[in-house]
Every structure is written in structure tokens, then in C-alpha cells.
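The values are calculated or read from the model by the stated rules, or taken from the named source; none is laboratory data. Fair warning: this is a prediction, and the values are worked out from it, not measured in the lab. Virtual Cβ from ideal backbone geometry, glycine too; neighbours counted across all protein chains shown. Protein only, heavy atoms only, side chains kept; ligands, DNA and RNA dropped before computing areas. Shrake-Rupley method; radii C 1.70, N 1.55, O 1.52, S 1.80 Å.
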Amino acid sequence: MVFVEAYQGLNTCTAVSKANLALPPAALRVSPFQGGANVLRVRRAAGSHRGSCRPAAVVPQASITYKEPNTGVEFPLVQQFWLGEPTRCMGAASKSKKIAFISVKVYAVSLYVEAEKAAKELGVRDRGGFFDNDDDFCQALVDGGFIKILQIQLVRKVDGQMFADALAETLEPRMRLTGELATLEKFKAFFQDKDLDKGTNVLLMYRTDATLDVVLRQGDGHDYSKVVAELSIPSASLCRALYEVYLGSTTVIPEAKKEWAKGARALLESEKAHGSFHEFLSGLLGANWTDYVPAAWASPGFSWDKLGSFSYESNLQAFLEVVETRNATVPQNLQELQPSIEERTAPFCTPERYLPSQAAYASCSGPTVTLAYVPKVCSLDETTHQVVCDPAKIVLTKAPGGCTHKYATASSWTGKECKIAGTVGFTKEAAFGGGSFKLPAIQNLT
């Protein structure tokens with residue numbers, strides 16, 4: 001799949017990532033930093049490169065989220081669960097309940113799938129002519145041979161018994177047909193003694209071996225890759241019945257089904273548009289793309305999967321933040337125009353700066369003495385093909401003292417600079433060896 005970040009106007013910069021992130025742009029929300037909203041911030045680790053436009057790949061553990069509009073609940077666009085490959089959010093919707101003729105929101109629910117596997121399977125079905133409507137796409141998600149997870153986040157406190165009874169009410173007719181009511185009772189019993197407070201996450205994983213895993217966690221920010229399923233029920237009937245409650249023809253949340261069908265279509269389109277890593281760089285940076293990226297990226301075996309996590313930031317996003325989060329008004333006169341121009345260009349511009357001359361007072365520093373231990377160093381002489389070693393030694397260095405007379409520093413003026421700039425790069429730190437070492441006393445060296 002392909003996630004495209006494109007900005008029109010100014011000098012358009014386009015960043016495209018690997019498959020599996022295609023979703024309707026309006027559904028995407030980017031986690032804020034430095035007090036802003038809608039600022040793309042995706043982390044990556046390992047050199048740094050600056051430029052006006054650089055490619056970025058979106059990978060697991062990104063901070064991009066999908067915001068459910070009715071409840072405001074945010075689901076990570078990419079998640080790694082306790083089983084399977086990284087998953088992608090296909091969309092989200094909310095479930096409401098009428099109390100005294102008032103519709104009360106109960107929970108938000110999102111669907112995650114192993115995106116690469118799902119995209120390939122959707123592509124096979126599409127080439128076979130199996131897709132005509134939303135039902136076909138949702139059925140493909142239910143039938144697909146990949147892990148899928150329903151993540152439910154409560155937006156009000158719900159008694160565990162009530163939650164279990166509500167699910168069982170819709171599941172019972174399906175389970176009765178397969179003669180597995182005892183399995184359904186086991187599923188209900190898990191929730192009956194639980195207090196499901198506001199913010200509780202209920203994760204329902206449909207495994208490829210037809211086993212249903214259940215996990216409960218309170219609040220956001222959990223690393224679901226390290227959890228252990230609290231309940232596992234091997235039952236193809238229960239898995240299928242539960243997922244058809246949400247994705248079937250009689251879904252309990254029609255809006256969710258529409259969102260997930262839309263997500264499946266985007267996943268399919270991304271599979272069609274998927275290209276190699278080198279093709280992407282060539283199309284973005286031109287024939288000389290190898291001049292702008294680390295040498296390792298140009299190796300024949302380098303692919304999207306080897307990028308790891310990364311960081312991409314741009315002041316163009318800061319500009320879009322200002323435009324999208326404030327109500328822009330048309331200036332009515334020159335007095336209103338000037339502040340408006342300065343506000344709009346602020347993310348791109350560094351203001352002019354004047355530093356006046358300053359007095360620097362006289363100063364003196366005494367002589368310095370440094371004692372350093374230089375370890376043994378060996379190198380290969382390319383001419384004689386012999387190993388030449390310089391033995392270890394202690395180096396004593398003395399530097400004389402000195403004084404600087406009073407003087408005035410030079411004044412400087414830097415003009416205003418405006419530019420579109422972005423950063424993408426790698427930071428990696430490795431330590432070899434280590435530990436402490438004590439030098440022997442000076443008198444022992446003579």
C-alpha cells in the first residue's frame with residue numbers, strides 16, 4: 001500500500017511510503033508535538049540529512065493516528081500485536097445506545113489487519129472479479145487468511161455483565177446453529193466479573209488457526225506486542241460469528257462497515273500501486289537519486305523493510321497547521337495585511353538579526369598539563385604486507401599560560417531568510433568495549 005503526503009501550492013513536496021497505509025486523507029490525524037496539531041512526526045532511528053524535500057517511509061510504531069469523529073478516540077494507524085505481522089487500522093466508528101430516547105455513545109471500535117497479507121489477498125480476489133460492493137470487501141476481510149483484531153475502547157463505564165449480554169444477544173442465534181452455546185457461555189463468563197471503566201480497551205483477535213484471543217487493558221499507550229492473551233477459545237464458529245456481528249450483512253454498526261470497506265478499497269489500490277524502494281526514489285529524486293541518499297540504500301538488496309524506524313519533519317507541515325487550525329480571514333486594509341503575511345510566512349522564515357559590538361574583558365589562563373594514555377596501535381603496511389605496531393605509551397603535554405587584552409567584538413547583521421526545509425535521517429549509537437582504567441602513579445613510571 002502507499003501512503004502519500006502531498007502539499008499543493010508553494011514548492012510542492014511529496015513523500016510516499018511503503019504499502020499498507022492507504023486510508024482516506026480526511027480520516028488521518030497526526031499526533032502533535034510542540035503544541036501543534038496535524039504535524040507529521042514519525043520516528044526513525046540511524047545519520048541525518050537535511051534538504052527541502054526527502055522521502056519518508058512509514059513503519060510500525062509510527063505516531064500517526066486514526067481519529068474516530070464521534071467520540072474523539074484515537075487509534076494508532078500502525079500497531080504490533082502479540083501475534084503476527086504489523087497491522088494497519090482500516091477505520092473506526094462508534095456504537096451508541098438509546099437511554100430514555102437519548103442516544104448515548106458507548107464505545108469506539110476499530111479494525112486492524114495484517115496489511116501486507118491482506119493487500120495481497122484482496123488483489124487476488126480483485127483479479128478474480130469478486131468485488132462489487134461493501135459487502136464483498138467486508139466479507140473478504142472476514143474470510144481472509146490473515147490475523148485481524150477488533151479494538152473496542154469504551155467511552156463510558158459499562159458493567160461487564162451488560163457488555164457480555166449485549167454481545168451474546170447477537171451471537172446466540174449464530175452459535176445455536178453450530179451447536180456451540182457452551183463456547184459462547186465461556187466467552188460471556190470472561191466479562192461477567194469485570195468492571196469495564198471508561199477508557200478500557202477490549203481486544204478481540206481472530207487468529208489464522210480459528211482461535212479467538214481476548215485482552216483487556218485500561219487506557220492508551222500500551223505495547224500490545226508484549227501482552228499475553230487473557231482468554232483463548234479455539235472455535236471457528238465463535239470467531240466468525242463475532243466478526244460477522246460487525247462486518248456481516250446485519251452489522252450492529254453500519255457506519256463501521258462502510259469505513260472498513262473503504263479501508264479495504266484503499267488497501268487494494270495500494271497493492272496495485274506498490275513499487276520497489278529504488279523505483280520510488282528514482283521517481284522522486286530523478287536518475288541521480290543515489291547522490292542524495294546513504295550509500296547502503298543503493299545496494300541491490302535494499303528494500304522498504306530495511307529502513308527501520310525514522311524521523312521526518314518539515315516546516316511546510318507547520319504552515320499547514322496554521323492554515324488548518326485557524327479561521328483565515330481576508331484582510332480589509334494594509335494594516336491587517338502585514339500581520340497576516342508575517343503570520344503565514346513565520347514557519348518558513350528566520351527573522352533578521354543584528355548583534356551589536358560588545359566589550360570583551362581581559363583574561364588570563366595559567367599553564368595546563370595533560371596526561372594521556374595512548375593504547376597500542378597496529379596497522380597493515382600495504383607495501384611490505386607487514387603488521388607495524390606502535391607500542392602503548394603515556395603522553396605528558398604542557399601548554400604555557402597566556403593572556404588576552406581587552407577588546408571589542410565585531411558587530412554582525414543577518415538578513416531575513418525564508419525557505420521550505422525538511423529533515424529526514426538516521427541516528428544510531430553503538431558502544432564497544434568500555435569499563436574503567438586506572439593509570440599507575442607518576443612515581444611508578446620513572
Per the 1/(1 + (r/R0)^6) rule, R0 = 22 Å and r from the Cβ atoms of Ser357 and Ala421, FRET efficiency to 0.05 is 0.10
The simple spin-label model distance between Arg156 and Leu216, using points 7 Å out along Cα→Cβ, in nm, is 2.0
Can you tell me the FRET efficiency between Glu343 and Thr368 if r is taken as the Cβ-Cβ distance and R0 is 45 Å, rounded to the nearest 0.05? 0.30
Hey, which of these cross-link pairs are over 29 Å Cα-Cα: Lys194/Lys262; Lys97/Lys120; Lys117/Lys157; Lys67/Lys419; Lys198/Lys258; Lys148/Lys186? Lys194/Lys262; Lys97/Lys120; Lys117/Lys157; Lys67/Lys419
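Relative to the present Cα-Cα distance, how much length would full extension add between Thr404 and Ala296 at 0.36 nm per residue of separation? Mind showing how you got there, number by number?
On the way: separation 108, 0.36 × 108 = 38.88 nm, distance 4.87 nm.
Taking 0.36 nm per residue and subtracting the Cα distance, the gain is 34.0 nm.
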Determine the per residue accessible area of region 150-193 with all protein chains present and a 1.4 angstrom probe, expressed in square angstrom. 51
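How long is the gain from Ser411 to Cys378 if the chain were fully straight, where each residue apart is worth 0.36 nm and the alpha carbon distance is subtracted? Don't skip to the end; give the middle numbers.
On the way: separation 33, 0.36 × 33 = 11.88 nm, distance 4.95 nm.
Here the answer is 6.9 nm.
By how many nm would the segment from Asn333 to Lys97 grow when fully extended, if each residue of separation counts as 0.36 nm and the alpha-carbon distance is taken off? Can you show the working numbers first?
Details: separation 236, 0.36 × 236 = 84.96 nm, distance 5.18 nm.
Extra length from Asn333 to Lys97 when fully extended: 79.8 nm.
Counting only protein heavy atoms and a 1.4 Å probe, tell me what percentage of region 359-404's accessible area is made up of carbon and sulfur.
Working: 2280 of 3800 Å².
For region 359-404, the apolar C and S fraction of the accessible surface comes to 60 percent.
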With just the Cα atoms defining each centre, how far is region 194-208 from region 237-252? Give it in Å. 16
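Leaving out ligands, DNA and RNA, and with a 1.4 Å probe, what % of the accessible surface on region 97-240 is carbon or sulfur? Before the final figure, lay out each step's value.
Numbers: 3480 of 6840 Å².
Taking all protein chains in place, region 97-240 shows 51 percent carbon and sulfur surface.
What is region 208-247 by shape, rounded, prolate or oblate, if you read a ≥ b ≥ c off the alpha carbon gyration tensor as root eigenvalues and call it rounded for a/c under 1.5, prolate for a/b larger than b/c, and oblate otherwise?
Details: a/c = 2.74, a/b = 1.71, b/c = 1.61.
It is prolate, given that a/c is not under 1.5 and a/b is the larger ratio.
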